[in-house]
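What follows is a short report on a single structure.
The values are calculated or read from the model by the stated rules, or taken from the named source; none is laboratory data. Quick caveat, the model's predicted, so the values are computed rather than measured. Cβ atoms come from the backbone with ideal geometry, glycine included; neighbour counts cover every protein chain shown.
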Amino acid sequence: MHAIEAHHGEVEPRTVEAVLTQAADAVSGARPGARRESLEAYVHRLERLEEIASAEPGVEKVFAMQAGREVRVMVRPEEVDDLGAQVIAREVAKRVQDELSFPGQIRITVVRESRATEVAR
């Protein structure tokens, strides 16, 4: 009874079970989909994630993935070098952190790919 009473912090936990229940509740609540949000709010958050990343120079495509827990940013390799890709990842992460509210964390992955193809005849 005490663990249930204390798991949201209304009462100070006095037992190991109460502390474990608080930890389990926090872990469970942080997983994707645990807290219900309206479809409209969810779609708005994904759109906003993509807008923030798309605003960076040299970005070609942006994909919000895994329920908005990851953002893949595809850049034009002729415009963005390896160092620039790191800067874009840092800038996008900073803007997301400053402008959006979200549980847990969001991983920003910048993909810079160049290919060279020749045909032998």
Task: Failed condition for residue 26, given (1) within 24 Å of the chain's Cα centre (by Cα); (2) surrounded by 12 or more Cβ atoms within 10 Å (Cβ to Cβ) - done: (2)
Open item on the list: Looking only at residues that are among the polar types (S, T, N, Q) and assigned to a loop (DSSP other than H, G, I, E, B) in the range 89-121, which one is nearest to residue 73 (Cα to Cα)?
Closed with: 114
TODO: Scan the range 53-72 for residues that are within 13 Å of residue 106 (Cα to Cα) and outside any loop (DSSP other than H, G, I, E, B) and report the count.
DONE: 10
- [ ] Any chance you could count how many residues in the range 95-115 are under 18 Å from residue 58 (Cα atoms) and surrounded by fewer than 17 Cβ atoms within 10 Å (Cβ to Cβ)?
- [x] 5
Task: Where a residue in the range 51-67 is within 13 Å of residue 90 (Cα to Cα) and its partner, wherever it lies, is of a type in the set (Gly, Ala, Ser), with Cβ under 9 Å and at least six apart - done: 53/64
Open item on the list: I'm trying to understand the selection: among the residues of the range 59-84, which are buried (at least 18 other Cβ atoms within 10 Å of the Cβ) and among the small types (Gly, Ala, Ser)?
Closed with: 64, 68
Open item on the list: Considering only the range 81-91, I want to know if a residue exists there that is in contact with a helix residue (DSSP H, G or I) (Cβ under 7 Å, 6 or more places away or on another chain) and of a type in the set (Val, Ile, Thr).
Closed with: no
Task: Any chance residue 5 is of a type outside the set (Phe, Trp, Tyr) and at pLDDT below 90 - done: yes
